[in-house]
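The values are calculated or read from the model by the stated rules, or taken from the named source; none is laboratory data. Quantities reported herein were computed from a predicted structural model and do not represent experimental measurements. Because the Cβ atoms are built from the backbone with ideal geometry, glycine has one as well, and the counts that use them run over all protein chains shown. These area figures cover heavy atoms from the full protein model, side chains too; ligands, DNA and RNA do not enter into them. Shrake-Rupley method; radii C 1.70, N 1.55, O 1.52, S 1.80 Å.
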Amino acid sequence: MAIDVAKVEIKSVSDASGLDELITSGRMIADNVVAVIGKTEGNGGVNDFTRILSDQAFRAILAKHGTRGEVEIKQIPMVWSGGCDGVITPHATVFARDNSTGEVGKSRLTMGTAMSEMILPEDIGRPAMVETVAVGVRAAMADAGISDPKDVHYVQTKTPLLTIDGIQEAHGRAQTVACEVHDSMGVSNGTTGLGIAVALGEVDMPAAEEICRKLDLYSSVASCSSGVELDRAQIVLFGNRSGAGGRFRIGHSVMRDALDMDGIYESIRDAGLDLPERARPEDLGGKLINCFIKCEADPGARLRNRRQIMLDDSDVHHHRHSKGAVGGVAAAAIGDPAVFVSVDAMHQGPPGGGPSIAIVDMGE
């Protein structure tokens, strides 16, 4: 079945009316919804409960209108990124299976999912986790019907991070961990980014001392998130496949730094839209569904050879600085503040930059 995609605004903390309207209007069937990727309005930290509220609200709509049971609905991948700093609007991009076939021979959006083997606390930040994620990514490729890594344009993951209990369990097995609890979110994300890069042939298997240190090793399609609610990698992979059907395509590029608007437009071109050399929002013609961007403060504290202070700010974390800045650049580029921008981009794009992924409607 083809993939249908739509972006809906989240109008309040626990609002899912946009998904409800997609279903009641007949645009999507509740039982065909297969993934949701969204931005919520909380602080983006460990205690950001707006992610839980959105998750509950969207799953409740699927239960209300569909026939799937509680267990099945809980298994639907829903990736919630907290923190709408600056101009970013809370929103969700909804993916559903669709019976439409599209033009024969056209390469169109396809999706695959996988759950990796268990990732132990002592694996986080180490080669064992890179290998485990890589195996999972290859399984998701197979699920999407993709054989060529060049057809993969977006890999969204959720992986475990460290907790005090997890560290104590590792110590009970006479094992050490690679980092402290407060560093483990970035380390888990970065290690996962390398696993994606290895699976897709973007880099060779890194040495242990290169993980989260040699930052010029990266994936250009990875968007990694982590949390305490799982003990393995949840992988949602998107690409293009001939014969997939539907009218949507996906593409990617990288933002070389926080101001690289051209990198955003290049991802849209890669998805299939013909844009002028110096593109503007009106050139998109309403064909862009959404952009998905990872960003990070440049570790050298420079931007276009100018000094940056976000890494020195004791009042506002540098994640919030970079997310707000890149969100503004992206919103200006596409003419819409409902854009997905996420931080903790180690090994996901070049240092100080990050992947930009675009989904477009080819209009057939």
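Just to check your reading of the model, which residue among ILE88, ILE37 is open to solvent by less than 20 Å² (accessible area, probe 1.4 Å), within 16 Å of ILE10 (Cα to Cα) and assigned to a strand (DSSP E or B)?
ILE37
Within segment 216-239, identify whether any single residue is farther than 15 Å from THR157 by Cβ, open to solvent by 30 Å² or more (accessible area, probe 1.4 Å) and of a type outside the set (A, V, I, L, M), and answer yes or no.
yes
From the list VAL33, VAL71, which one is out of contact with any strand residue (DSSP E or B) (no Cβ under 6 Å at 6 or more places or on another chain) and not hydroxyl-bearing (Ser, Thr, Tyr)? Outline the logic, then answer.
Values: VAL33 fails: out of contact with any strand residue (DSSP E or B) (no Cβ under 6 Å at 6 or more places or on another chain).
VAL71 is the lone residue from the list that is out of contact with any strand residue (DSSP E or B) (no Cβ under 6 Å at 6 or more places or on another chain) and not hydroxyl-bearing (Ser, Thr, Tyr).
Kindly establish whether ARG269 is open to solvent by 10 Å² or more (accessible area, probe 1.4 Å), at negative phi and either in contact (Cβ under 8 Å) with a residue 40 or more places away in the chain or not in a helix (DSSP H, G or I) (or both).
no
Just give me the residues in segment 53-63 being touching a residue at least 12 places away in the same chain (Cβ under 8 Å), open to solvent by 30 Å² or more (accessible area, probe 1.4 Å) and farther than 25 Å from ALA140 by Cβ, in sequence order.
LEU53, GLN56, ALA60
What tally of residues in segment 293-319 results from selecting those that are outside any loop (DSSP other than H, G, I, E, B), closer than 29 Å to GLU266 by Cα and open to solvent by 70 Å² or more (accessible area, probe 1.4 Å)?
Number of matching residues: 4.
With the requirement that a residue be over 30 Å from the mean Cα position of the chain (by Cα), in a loop (DSSP other than H, G, I, E, B) and among the small types (Gly, Ala, Ser), what does segment 160-180 give you?
ALA174
Taking segment 100-150 on its own, how many of its residues are touching an Asp or Glu at 6+ places or on another chain (Cβ under 7 Å), open to solvent by less than 10 Å² (accessible area, probe 1.4 Å) and closer than 30 Å to GLY363 by Cα?
The total comes to 1.
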